[in-house]
Amino acid sequence: TVSEDVKRIFVEKSTLPIADKTVVIPNGFDEDDFRISNLPAETKKIITYTGTISEAYDVDNLLEAIGWLAQDLRSQLLIRFVGKVPSSVVQKFKRAQLEVELVGYVNHPKSIEYLFRSDLLLLVIPKVKNNRGILTGKFFEYMACQKPILAIGPTDGDLAKIIRETRCGKLFDYEDSEGMFDFIQENL
């Protein structure tokens, strides 16, 4: 399995003694995919989210935190979604009077290029049962770009532990608007 908490869930569900036979092999990235140079300069401060997002991804307090930013910084800010985003999520960002760019699906090399062209990378763990073990491949690609990662999810989960250990960003509880605000100000 890909995370310690998912291993724990498997072990708890099994009637067999599988703990010693279950191994955690986390996702990763291919270094060759991240040898990119000569990208065009951006004129905005960009927060990028790649992949699929849904209503189960709680971004309400992130929007509150962004709303507290000084107007001159907010006017320079672009929220870029690369992937599949439902209109209900897009509308939340637009109601917060944020500039949103919807890129849609792109191939893997182009997705990585968008990551490198960003100032801050957004990763949200869905607010669902047993989410402590969610450890996406996207996270490892975010780390490979060496851009600060703003993650939202369970603070006692596997992702939070790795982010603390690697210092590649910070993971915030869904309700921690103040922490998100401080992190965004420090990294934009």
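Quick look at the values:
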read-out	value
Candidates LEU121, LEU115 - the one that is under 13 Å from the mean Cα position of the chain (by Cα), farther than 30 Å from ARG8 by Cα, among the hydrophobic types (A, V, I, L, M, F, W, C) and surrounded by 17 or more Cβ atoms within 10 Å (Cβ to Cβ)	LEU115
Where LEU98 falls short, out of the listed (1) open to solvent by 40 Å² or more (accessible area, probe 1.4 Å); (2) at pLDDT below 95; (3) farther than 19 Å from PRO26 by Cβ	(1)
Sole exception among (1) in contact with a His (Cβ under 9 Å, 6 or more places away or on another chain); (2) of a type in the set (Asp, Glu); (3) outside any helix (DSSP H, G or I) for GLU42, by number	(1)
Counted residues, the stretch 8-20 - those being free of Cβ contacts under 8 Å to residues at least 40 places away in the same chain and part of a helix (DSSP H, G or I)	6
Out of ASP60, ASP33, sole residue that is in contact (Cβ under 8 Å) with a residue 12 or more places away in the chain, closer than 22 Å to LEU188 by Cα, surrounded by fewer than 16 Cβ atoms within 10 Å (Cβ to Cβ) and among the acidic types (Asp, Glu)	ASP60
Every residue from the stretch 63-75 that is small (Gly, Ala, Ser), free of Cβ contacts under 8 Å to residues at least 60 places away in the same chain and either touching a Cys at 6+ places or on another chain (Cβ under 8 Å) or under 26 Å from ILE125 (Cβ atoms) (or both)	GLY67
Some residue of the stretch 76-92 being outside any helix (DSSP H, G or I), in contact (Cβ under 8 Å) with a residue 60 or more places away in the chain and either open to solvent by less than 40 Å² (accessible area, probe 1.4 Å) or in contact with a Cys (Cβ under 8 Å, 6 or more places away or on another chain) (or both)	yes
GLY157 being buried (at least 16 other Cβ atoms within 10 Å of the Cβ), touching a Gly at 6+ places or on another chain (Cβ under 8 Å) and either touching a residue at least 60 places away in the same chain (Cβ under 8 Å) or of a type in the set (Val, Ile, Thr) (or both)	yes
Residue that is nearest to MET180 (Cα to Cα) [pool: residues in the stretch 36-51 that are in contact (Cβ under 8 Å) with a residue 12 or more places away in the chain and exposed (fewer than 13 other Cβ atoms within 10 Å of the Cβ)]	GLU42
Selection within the stretch 163-188 - outside any loop (DSSP other than H, G, I, E, B), in contact with a strand residue (DSSP E or B) (Cβ under 9 Å, 6 or more places away or on another chain) and open to solvent by less than 40 Å² (accessible area, probe 1.4 Å)	ILE163, GLY169, LEU171, PHE172, GLY179, MET180, PHE183, ILE184
Residue that is modelled with the highest pLDDT, among those in the stretch 66-95 that are touching a helix residue (DSSP H, G or I) at 6+ places or on another chain (Cβ under 9 Å) and among the charged types (D, E, K, R)	ARG80
Complete set of residues in the stretch 144-154 that are in contact (Cβ under 8 Å) with a residue 60 or more places away in the chain and either part of a loop (DSSP other than H, G, I, E, B) or crowded, with 19+ Cβ neighbours inside 10 Å (or both)	CYS145, LEU150, ILE152
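The values are calculated or read from the model by the stated rules, or taken from the named source; none is laboratory data. Values in this document were obtained by computation on a predicted structure and should not be read as measured data. In this analysis, Cβ positions are derived from the backbone assuming ideal geometry, glycine residues included, and neighbour counts consider all displayed protein chains. All accessible areas refer to the heavy atoms of the entire protein, side chains included, with ligands and DNA or RNA removed. Shrake-Rupley method; radii C 1.70, N 1.55, O 1.52, S 1.80 Å.
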